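Read the figures in this text as sums done on the coordinates, not as results from a lab. The model shown is predicted, which means the values in this text are computed figures rather than measured ones. For neighbour counting, all protein chains shown are included, and Cβ atoms are generated from backbone atoms with ideal geometry for every residue, glycine included.
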Amino acid sequence: MEKEPEPSGTNSVIEIKNVDKFYGDNHIVKNLTLSIREREFLSILGPSGCGKTTLLRMLAGFEHHTKGEILINGESIDDKEPFKRNINTVFQNYALFPHMTIYSNIAYGLKMKRVKKDEIEKRVIEVLAMVRLEGFENRYPSQLSGGQKQRVAIARAIVNNPQVLLLDEPLGALDMKLRKQMQIELKRLQRKLGITFVYVTHDQEEALTMSDRIAVMNRGVLEQCAPPSDIYEKPGTKFIADFIGESNLFESVVEDGSDSTDGNAHLFSEGGTLLGKLEQFEENELLYVCVRPEKTLYSLASVDGFSLCGIVRENIYLGNVIKTIVVLTNGQEVKINLSPGQVPPAIETVLYIYWNVKDCVMVRTISHRIFTELEKVKLNEYGEVMEAEPINKEEVKSQEAP
Amino acid sequence: MLFDKTKFTSKTVPLFVMVSPATAWLVLLIAIPLLYIFVISFCSTTESHNIAFSFTLKNYIKLFDRTILSIYWNSLSVSVLTAVFCVLIAYPFAYIMVKTSPLKRTLMMVGLMLPFWTNSLIRLYSWRTLLGRNGYVNDFLIYIGVINEPIEMMFTRSAVVLGMVYTLLPFMVLPIFAVIDKLDKTLIEASKDLGANFIKTFCYVILPLTAPGIFAGVIMVFIPSLGLFFVSDLMGGGNNQIIGNLISRQFKEAFNWPFGATLSIMLIAITIFLVRVYTKKGGKLDELGAV
């Protein structure tokens, strides 16, 4: 699902082309292609162990990719040591030098580049003001709170005026309130400085609020890279539909000989028939219809095209929303969000689930791609490949690995 | 209210029973002998080399005797050299040990510790076979024609330092290893990320942060090296006396126990002073003994 929206007029700073990374036999990053643009805030989002930190470390130069190519400003970074890259990192645990004052910590990068002393002083003071830590110059990291350390870590990176700033879950250790505040500050800082931010996180809310684009990774595969609204409203794969926000997913196949006179796809699922968007379907293809809880509707009589019958199990009052949980005949739970004004259906009411076809999204699993590719391969009676269709074997292989 | 803690109740009895053997052990074998040493350091000797229990400060005045001072000077210089060479050898060794694979680390550790299961006297004697006038090193150098006459390698101060370094090296490696191993690797990455190459990273980040380990190692090497008299006996052949020789001679040959006690008290004072400096600098006492 590497379909990206057209480049929005800005040039790409980093080009990642078909990059693979192995740790021994572990395939951490699988055939990843991504271009990171100038001045954008790109989040790399995924569950822990999906390879997002490894990707970031490859950009920083702490790890080397096994295969593929990474270009920064069109130049390969293969033999560029971390200290020769115009990229700085904000580490997850801040990694402030405990034996240096805040001033020396921030001045470190400039000192290494042999910037003149008065120039260093000017820039350190400037950057301290930017992160609102004036007057902290002579303290040591151990004397600061988590949020302050975090800001020092950011200041230490941006004082070098890098082209790209890499942030590895920088707000992970902060409490909720502070995190929200830092999110806004980071976004403000990024706009002001015009630096490309590559931000690794497993917190989808964080990614949605801050990013220009989000790259969602799962098991080392880049599933989709798109603006937050697209990721939420038009998830490209089943994983994303499931991972980002809440959604009701209906595993279904296309009804045989479905007449598309009404412009909808007629689908079968375990719970009953349902309607989806008409797209290009393969025969007997497994599809997932994704509907957000706030777009899921119910009625007491069955609706044309839908036969998803269920019983209300629970109404959960959450303040800004009432969550109704309906259990379908096949045992699947469907979540419906109602606004507080609405009266939820009584528990144990039998009702029918439906939705407006325009509100649903049809998604596939990423392994779907492999199977469709494999379909094209014709085997002879000995199981050998007869016709070599032009498929990217490596891609297929990488997708198969769990 | 202060005495509440020491009240004997049915609860404190098991505790008391558990702790008392260790306490008795410490009192009997360390506290009492130490106190005895301290007391006799203010005594003098009778004609027949017995201890005369009368208060005097003459032992402490004798410390400033010129010959005694020169032995102190020699001993301190041997110890300083030993500590310096130990650091120079142990630091790279420990650094490699941290960086290498677990298997090689274990092998290096075994290689370091294995010789210490052999008696140290025997190991020091073997240096004689190597470095003596008719030793293998001299034989080899004559054989390849570098020298004509055997060089005197044993019974010099260098030989004493060599013996000390050889004997005390593990005590330097272990604390340094511990501190490098504990060093947060992301700090090294952060330094490289900020534009420092390895040498600069080493000078500005690694070395300052591992200095406590070096200092702990220096104490662990420096203090014993003042007292290891058998090393200077075997390697220095009596020409290079250290404080340890002086003390052992007072007890074994001169039968001047009070003066020997005074010298011992001085050694303890030096030790306490160094440990004080170490703890003042933020070092932890645990790290001196624990490794």
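When each of B:ILE176, B:ILE223, A:ILE87 is scored by the number of other beta-carbon atoms lying within 10 Å, the sequence from fewest to most is B:ILE223, A:ILE87, B:ILE176.
Note on the range A:86-232: Cα Rg divided by 2.2 N^0.38 Å, N the number of residues, gives 1.08. Amide H contacts for A:ASN218 (H built 1.01 Å from N in the peptide plane; partners 5 or more residues away or on another chain; cut-off under 5 Å): A:GLU223.
Here the extension length gained between A:GLN143 and A:VAL303 equals 51.2 nm, from 0.36 nm per residue of separation less the Cα-Cα distance.
The reciprocal of the average 1/r between distinct C-alpha atoms defines the Kirkwood hydrodynamic radius, which for chain B equals 22.6 Å.
Summarised as an ellipsoid, the range A:25-74 has semi-axes of 18, 15, 10 Å, derived from the eigenvalues of the Cα gyration tensor scaled by 5 and square-rooted, with the largest first. How high is the FRET efficiency between A:GLU246 and B:LYS11 when r is their beta carbon distance and R₀ equals 51 Å, given to the nearest 0.05? Computed FRET efficiency for A:GLU246 and B:LYS11: 0.35. The distance separating the Cα centre of the range A:185-211 from that of the range B:114-187 comes to 58 Å.
Computed from point charges on the beta carbon alone (+1 for Lys and Arg, -1 for Asp and Glu), the dipole magnitude for the range B:63-289 about its Cα centre is near 320 Debye. Note on the range B:54-165: dipole from Cβ charges, positive end direction compared against B:ILE142, B:LEU103, B:ALA159; the farthest Cα belongs to B:LEU103.
Take the Cβ atoms of A:ASN315 and A:GLU233, set R0 to 25 Å, and the FRET efficiency comes out at 0.40. Here's the picture: charge each Lys and Arg Cβ at +1 and each Asp and Glu Cβ at -1 in the protein assembly as shown, and of A:VAL334, A:LEU286, B:THR12 the one pushed furthest to the positive end of that dipole is B:THR12.
Across all C-alpha atoms in the range A:187-312, the radius of gyration and Dmax reach 18.3, 57 Å. As a length-normalised measure over Cα pairs under 8 Å and 6 or more apart, the relative contact order of the range B:1-134 settles at 8 percent. Between A:ASP175 and B:ILE89, the simple spin-label model (points 7 angstrom out along Cα→Cβ) gives 5.4 nm.
Taking chain B as a Gaussian network, Cα atoms linked when under 10 Å apart, which of B:ASN240, B:ASN119, B:ASN138 shows the biggest mean-square fluctuation? So, out of B:ASN240, B:ASN119, B:ASN138, the one fluctuating most is B:ASN119. For chain B, return all DSSP H helices satisfying: extent of Cα atoms along own axis at least 27 Å; mean Kyte-Doolittle hydropathy at least 0.0. Long hydrophobic helices here: B:66-99, B:157-182, B:207-227, B:257-280. For the protein assembly as shown, the 222 nm mean residue ellipticity estimated from helices alone, with every DSSP H stretch of n ≥ 4 adding -39500 (n - 2.57) and the total spread over all residues, rounds to -13500 deg cm²/dmol. Charging the Cβ of each Asp and Glu at -1 and of each Lys and Arg at +1, and nothing else, the dipole of the protein assembly as shown about its Cα centre rounds to 4640 debye. Largest first, the extents of the alpha carbon coordinates of the protein assembly as shown on the three principal axes equal 127, 80, 64 Å.
Global dimensions of chain A from alpha-carbon coordinates: Rg and Dmax equal 25.2, 78 Å. In this simple spin-label model, placing a label point 7 Å from the Cα along the Cα-to-Cβ direction at both B:ALA254 and B:ILE268 gives a separation of 1.9 nm.
Could you tell me the relative contact order of chain B? Use alpha-carbon pairs under 8 Å, at least six residues apart, and round to a whole percent.
25 percent
P(r) for the range A:246-363, from all Cα pairs and a bin width of 10 Å, is 14, 47, 29, 9, 1 %, short bins first. With neighbours defined as other Cβ atoms within 10 Å of a residue's Cβ, the residues A:HIS27, A:HIS202 order from fewest to most as A:HIS202, A:HIS27.
In this rough spin-label picture, where each label sits 7 Å from Cα along the Cβ direction, the A:LYS192-A:ASP118 distance is 2.6 nm. Listing B:MET153, B:MET220, B:MET109 from fewest to most neighbouring C-beta atoms within 10 Å gives B:MET109, B:MET153, B:MET220.
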